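> Would you mind keeping the following structure in view while I ask a few things?
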Amino acid sequence: MSKVKTKAKISAKEYVWYIIACVFAAWGIAEIICGLIIEFSNTLVSNMPLYQAQTKYIELFGLSFMNWGLILMAIGVVIGVVTLCVFANRYDRESEKATRRAARLSHNNPVGETPVVDAEVK
């Protein structure tokens, strides 16, 4: 018999944390892209609404789109890595528990006592 590996069920909490991490990372990437557009566009900077938005952003928060984008992307990556580590640890504990249980059950029922049928089919 071949052993069938079951898929680990992902909890709703894990999905929520991954979604939060993706939102932060996507928000950071969007801000980085806006900063790159401002920096490398060939149009007159004073006429760009995106540049005016960045000046307001700098007045409010003190950092440009590029800087906040890097910070938000780093926050998203950290949340994703921590979530991955926490839930991977839980799955490792569950697999170890299943392995110990299988070892206990095999210890209670030695191989020599199980009936073995050897048959040939012609």
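Only the coordinates and a few stated rules stand behind these numbers; no lab work does. Just so it is clear, the structure is predicted and the values come from calculations on it, not from any experiment. Neighbour counts run over all protein chains shown; Cβ positions are idealised from the backbone, glycine included.
> Quick one: what are the phi-derived ³J(HN,Hα) couplings along segment 63-74, Karplus 6.51/-1.76/1.60 with θ = phi - 60°, whole Hz, x for glycine and proline?
10, 7, 4, 4, 5, 5, x, 5, 5, 5, 5, 5
> In addition: Once phi is turned into ³J(HN,Hα) by the Karplus curve 6.51 cos²θ - 1.76 cosθ + 1.60 with θ = phi - 60°, what whole-Hz value does each residue of segment 18-26 show in order, with x for glycine and proline?
5, 5, 4, 5, 5, 5, 4, 5, 5
> How large is Rg over Rh for segment 22-92, taking Rg from the Cα atoms and Rh as the Kirkwood inverse mean of 1/r across Cα pairs?
Numbers: Rg = 16.2 Å, Rh = 13.5 Å.
Looking at segment 22-92, the ratio lands at 1.20.
> Short version: ³J(HN,Hα) in whole Hz for each residue of segment 30-47, in order, from phi by Karplus 6.51 cos²θ - 1.76 cosθ + 1.60 (θ = phi - 60°), x for Gly and Pro, what are they?
For segment 30-47, the Karplus-derived couplings read 5, 5, 5, 5, 4, x, 5, 5, 4, 6, 10, 7, 8, 7, 5, 5, 5, 8 Hz, x marking Gly and Pro.
> Additional query: Ordered by packing density, taken as the mean number of other Cβ atoms within 10 Å over each peptide's residues, highest first, how do 54-64, 30-40 rank? Walk me through the intermediate numbers first.
Values: 54-64: 13.1, 30-40: 15.8.
The peptides rank, most packed first, as 30-40, 54-64.
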